[in-house]
Structures are given as structure tokens and as C-alpha cells.
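Let me begin by presenting the structure, written as C-alpha cells, before commenting on it.
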Amino acid sequence: DKYQREDIETENGNTTKIISNENFNLDKINDSEKEIIDTIIKLLKNKKVTDISEMSHREDGWKKTKRFEQISFEYAMNLKLIK
């Protein structure tokens, strides 16, 4: 109930579109955090899932975390993606 999933068939293959049902509370996010979210959206909105996966696997959080362990948020402070 948090989002809707829409599978779209295109001439380039299948695409999945995730649409929020807007059941979130933005009051808990400050302006700086919103700016970061907007930056990430701009950087990734036209990327394919495989591209995003490859980019994430080049990040320290992925490289320095053992398999099946949760990646620490601390790695977010040094993302190569946003530099």
C-alpha cells in the first residue's frame, strides 16, 4: 500500500515504474536532506537498473561491507556518485 508497480513493455524491453501512493511524511526531512534526494533523483532518473547497480558496486560501502551485511549509512558521506 506504499506504492504501485506498473510494468511497461517498450520497444527496448520491459520497464518497471514505481509510483508512490504519497503515504509518507516529509515533515521529518530537512531542507538539506531534500536537496540531497533531489540531486540523486536528477543523477539517476534516466539510468537503467543495471547502470545503477554497477555504479553502486564501485562505492566503498559495497566494497567494504561483508556479503549479506547491512551497509552503514556512514558511507553515504563519501559517495563517488555525487562528487
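The values are calculated or read from the model by the stated rules, or taken from the named source; none is laboratory data. From a predicted model like this one, the values you see are computed outputs, not experimental measurements. Here the Cβ positions follow ideal geometry from the backbone for every residue, glycine too, while neighbour counts run over all protein chains shown. Just the protein is used for accessible areas: all its heavy atoms, side chains included, with ligands, DNA and RNA removed. Shrake-Rupley method; radii C 1.70, N 1.55, O 1.52, S 1.80 Å.
Being exposed (fewer than 10 other Cβ atoms within 10 Å of the Cβ), under 14 Å from the mean Cα position of the chain (by Cα) and of a type outside the set (A, V, I, L, M) is true of PHE73.
For ILE71, the stated conditions do not hold, so it cannot be described as touching a residue at least 12 places away in the same chain (Cβ under 8 Å) and of a type in the set (A, V, I, L, M).
Between ASP7, ASP1, the distinction of being without any contact (Cβ under 8 Å) to a residue 12 or more places away in the chain and either outside any strand (DSSP E or B) or open to solvent by 100 Å² or more (accessible area, probe 1.4 Å) (or both) belongs to ASP7 only.
The residue of the range 49-70 that is farthest from the chain's Cα centre (by Cα), among those that are closer than 19 Å to THR16 by Cα and open to solvent by 100 Å² or more (accessible area, probe 1.4 Å), is GLU54. Would you check if LYS80 is basic (Lys, Arg), within 27 Å of ASP1 (Cβ to Cβ), open to solvent by 80 Å² or more (accessible area, probe 1.4 Å) and more than 12 Å from the chain's Cα centre (by Cα)? So LYS80 does not fit the description; no. The listed residues are ASN14, ASN46, ASN23, and the only one of them that is modelled with pLDDT under 90, open to solvent by 80 Å² or more (accessible area, probe 1.4 Å), assigned to a loop (DSSP other than H, G, I, E, B) and in contact with an Asp or Glu (Cβ under 8 Å, 6 or more places away or on another chain) turns out to be ASN23.
The set of residues in the range 51-68 being assigned to a helix (DSSP H, G or I), under 15 Å from LEU79 (Cα atoms) and of a type in the set (Asp, Glu) consists of GLU54, ASP60.
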